[in-house]
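Colleague: Before I ask anything, here is the structure I am working with.
The values are calculated or read from the model by the stated rules, or taken from the named source; none is laboratory data. Since the structure is predicted, the reported quantities are computational estimates derived from the model, not experimental observations. Virtual Cβ from ideal backbone geometry, glycine too; neighbours counted across all protein chains shown.
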Amino acid sequence: MRNYPTLYGSPLLAPASVQPLLRDPILHWKKGRSAYEGAHTWVTANLQAPGGWPKEVRELLAQSPDWAAAEVVTGFFEHATALDTAQRPTNSDLMIVARMQSTLGVIAVEAKAGETFGDTITAWNTTPGRKSRLEWACNFFGVAPHSCGALRWQLFHRTTAAVLEAKRFLAPKAIMLVHDFAAEPCWVDDYRAFAHALGFSEADVDRLSAPRVIEGVSLQLGWVRGSHHGGSGNA
């Protein structure tokens, strides 16, 4: 394969249309799991809600004058973004391209329903290839690898995807958004530690962080709480 894939298929007209796109359509499509809840929330909002946003996301974006009037242009579930190499890309649960007042913005959505943010960097960094990728990611954010061992690797590569996709769409603004469907927020301390280590102030639940410019993109972190949806796993 010479080029990285950039063509996509038909519109999603029902939440169940997302199921075949999942990496494991059987395991991950269960009521209460992040993939199921995220699909129901975002597909329903895209068809019915103002601007195409879930209500809680629209309220979060209203905290920022730049994002307050934004509208969803398009979005891609399980969107793969190449990192330092084309091998083993990061898959965002949903990548949103939004129209802002005079430009575009990108939001990488990481849906959670009690799941962790994966291994710490110390536990994950076990091969030469991973060491090289870590050094690349740390250089990307301007942090030292030796200071990141307790941080969660998933937060690194999902946040990197937000910036890389913003650059691809020539969008000057981006958000890495945790959309949390748990009854009570889980693993918030991991999120706060990551934000603090990378220099994002004001990062907390139901808050947008202050922005930081990464590779020419004004990047913010966000965490918003959603709610579960009724119905069976086949809905």
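Colleague: Take ALA174 and decide whether it is at negative phi, touching a Leu at 6+ places or on another chain (Cβ under 6 Å) and either aromatic (Phe, Trp, Tyr) or in contact (Cβ under 8 Å) with a residue 40 or more places away in the chain (or both).
Modeller: When the stated conditions are applied, ALA174 passes them.
Colleague: May I pose another question? In this structure, does VAL163 turn out to be modelled with pLDDT of 95 or more, touching a Leu at 6+ places or on another chain (Cβ under 8 Å) and farther than 30 Å from HIS28 by Cα?
Modeller: So VAL163 does not fit the description; no.
Colleague: For segment 26-82, enumerate the residues that are of a type in the set (Lys, Arg) and out of contact with any Gly (no Cβ under 8 Å at 6 or more places or on another chain).
Modeller: ARG33, LYS55
Colleague: Return the residues of segment 167-191 that are charged (D, E, K, R) and either more than 19 Å from ILE107 (Cα to Cα) or assigned to a loop (DSSP other than H, G, I, E, B) (or both); say none if nothing qualifies.
Modeller: Result: GLU184, ASP189, ASP190.
Colleague: Moving to a separate point now. Restricting the search to segment 116-150, which residues are touching a strand residue (DSSP E or B) at 6+ places or on another chain (Cβ under 8 Å), within 27 Å of PHE181 (Cα to Cα) and part of a helix (DSSP H, G or I)?
Modeller: Correct list: ILE121 only.
Colleague: Another one. Identify, by number, the condition in (1) assigned to a loop (DSSP other than H, G, I, E, B); (2) surrounded by 16 or more Cβ atoms within 10 Å (Cβ to Cβ); (3) under 19 Å from the mean Cα position of the chain (by Cα); (4) among the basic types (Lys, Arg) that LYS31 doesn't meet.
Modeller: Failed condition: (3).
Colleague: How many residues are part of a loop (DSSP other than H, G, I, E, B) and closer than 14 Å to ILE175 by Cα when one looks only at segment 216-228?
Modeller: 1
Colleague: May I pose another question? Restricting to segment 42-78, count the residues that are under 22 Å from SER209 (Cβ atoms) and either in contact (Cβ under 8 Å) with a residue 60 or more places away in the chain or not in a strand (DSSP E or B) (or both).
Modeller: Matching residues across segment 42-78 total 20.
Colleague: Then there's this: When you go through (1) among the aliphatic types (A, V, I, L, M); (2) free of Cβ contacts under 8 Å to residues at least 60 places away in the same chain; (3) out of contact with any Ser or Thr (no Cβ under 9 Å at 6 or more places or on another chain) one by one for ILE96, which number turns out not to apply?
Modeller: (3)
Colleague: Would you mind finding the one in ASP190, ASP180, ASP204 that is closer than 16 Å to GLU115 by Cα, charged (D, E, K, R) and surrounded by fewer than 22 Cβ atoms within 10 Å (Cβ to Cβ)?
Modeller: Unique residue meeting the criteria: ASP190.
Colleague: Go through segment 91-127 and count every residue that is surrounded by fewer than 20 Cβ atoms within 10 Å (Cβ to Cβ) and farther than 17 Å from PHE194 by Cα.
Modeller: Final tally of qualifying residues: 11.
Colleague: Continuing with this model, one more query. Is it the case, given these coordinates, that LEU155 is without any contact (Cβ under 8 Å) to a residue 60 or more places away in the chain, within 12 Å of the chain's Cα centre (by Cα) and under 21 Å from ASP93 (Cα atoms)?
Modeller: yes
Colleague: Follow-up. Do the conditions hold for THR160, that is, is it assigned to a loop (DSSP other than H, G, I, E, B), polar (S, T, N, Q) and either surrounded by 15 or more Cβ atoms within 10 Å (Cβ to Cβ) or within 17 Å of the chain's Cα centre (by Cα) (or both)?
Modeller: No, not satisfied.
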